[in-house]
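Single-structure report; data block below.
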Amino acid sequence: MPSELLSQIAIIVFAMGCIGGIAYVLLLPRLDGTTSTAKRVQSISARVPNAAKSGRDGSGRRRRQVEDAIKEIEERNKERNRKLTLKDRIRAAGLSWSVRKFWIMSAIYGIAAAAGAYFLNAPPMVTVACLFVFGLGFPRWLLKYLTARRERAFLNEFANAVDVIVRGVKAGLPIVDCLRIVANESAEPVRGEFKLIVEAQTMGVTVADAVTRMYERVPIAEVSFFAIVITLQQKTGGNLSDTLSNLSNVLRDRKKMKAKIVAMSQEAKASAAIIGALPLVVMGLVFLTSPDYISLLWTEQVGHMMLMGSAFWMLCGVLVMRKMINFDF
């Protein structure tokens, strides 16, 4: 009897131990929070890649917007450059002439040069050449010269204007007020161009479009950079002061590089000037010492042909030397 009771007690204790072990295995993770912690860690781990993916998608979307905006501006600028008319060139030179006035002045220059050659008893071919050179070539050269001079004056002041805008934006002023300060305080031709921007903005044109139109009047790379920065800030946002500050540094570095290139090329330009002037100087000295010897060049028909041939080859040599010493920067 006692042995049977002990056996039953042992079986009950063993069964209770088994039930307790099973309960410990099944219920303890729920009671101490291990299961909920694991689920929470798993859910957070699942959300982190999604957040990173969405962040990458957002930055990629913004990058695509910036690239599309830059591509649009570049295509627009290329289209404007291809369609640059005579009126645009006159405006880029800072002149208020109309196309009709330009052609009238060209005709006056050509007729005056041809009349001067005729009264000096120049050969007919020289008279016709003066008509075409001073009627078609000289006005366009003058237009190109005035445009280059205006662009140089613009670049000398443009970096300072960008710095004024940067300081104004950092001080909390709107971009329109900064442009107005530049339009009132800067030197010409920067002042006139920014006045046109302010007037266009007053008429309802957006700042980005008004700045982009400035590139039509001053078609240089620096203005294109400025238009791209303003357009991107208007379309995609961002810190305008930092971007314009970087642009100002770029403009000043480009200006320093241009000055360094000009200084390094002065020796070659001086040598080219001496070589180009040497035939004329020798001709003048020979005329002073032996006028009868050299007068055959303008008294005989063969001399006229030799002078024309020499002038042509001199022009070719000067143009070649000019191409060699003028650096595109």
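Quick note: the coordinates plus some simple rules give every number you see, no bench work behind them. Please read all numbers here as calculations on a predicted model, not as lab measurements. Positions of Cβ are backbone-derived with ideal geometry, glycine not excepted, and every protein chain shown enters the neighbour counts.
Students often check this: by mean Cβ neighbours within 10 Å, which of 107-118, 223-234 ranks highest, and how do the rest follow? Write out the running numbers ahead of the final one.
Working: 107-118: 16.2, 223-234: 20.2.
The packing order, highest mean first, is 223-234, 107-118.
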Subtract the Cα-Cα distance of Met105 and Val176 from 0.36 nm times their separation in residues, and report this length gain in nm to one decimal. 21.6 nm
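How would you rank 265-274, 181-190, 162-171, highest first, on the average number of other Cβ atoms within 10 Å across their residues? Write down the numbers at each step before the final one.
On the way: 265-274: 12.8, 181-190: 16.8, 162-171: 18.5.
Descending mean neighbour count gives 162-171, 181-190, 265-274.
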Peptides ranked, highest mean first, by Cβ atoms within 10 Å: ranges 140-147, 255-262, 207-214: 207-214, 140-147, 255-262
At Ala112 and Lys87, where each label point lies 7 Å from the Cα along Cα→Cβ, what is the point-to-point distance in nanometres? 2.7 nm
Gap in Å between the Cα centre of segment 86-100 and the Cα centre of segment 132-183? 16 Å
Fully extended contour minus Cα-Cα distance, from Asp253 to Ile220, at 0.36 nm per residue: 10.3 nm
Report the dimensions of segment 254-329 along its three principal axes from the alpha-carbon atoms, largest first, rounded to Å. 54, 23, 12
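Suppose R0 equals 41 Å; then what is the FRET efficiency for Asn184 and Asn239 from their Cβ-Cβ distance, rounded to the nearest 0.05?
Values: r = 26 Å, r/R0 = 0.63.
After rounding, the FRET efficiency stands at 0.95.
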Length added when fully stretched, Glu157-Arg213, from 0.36 nm per residue minus Cα-Cα: 18.3 nm
Extend 7 Å from the Cα of Asn246 along its Cα-to-C-beta direction; within segment 208-238, residues with backbone N under 18 Å of that point are 222-238
Number of Lys-Lys pairs in segment 185-329 under 27 Å by Cα, sequence gap 8 or more or different chains? 11
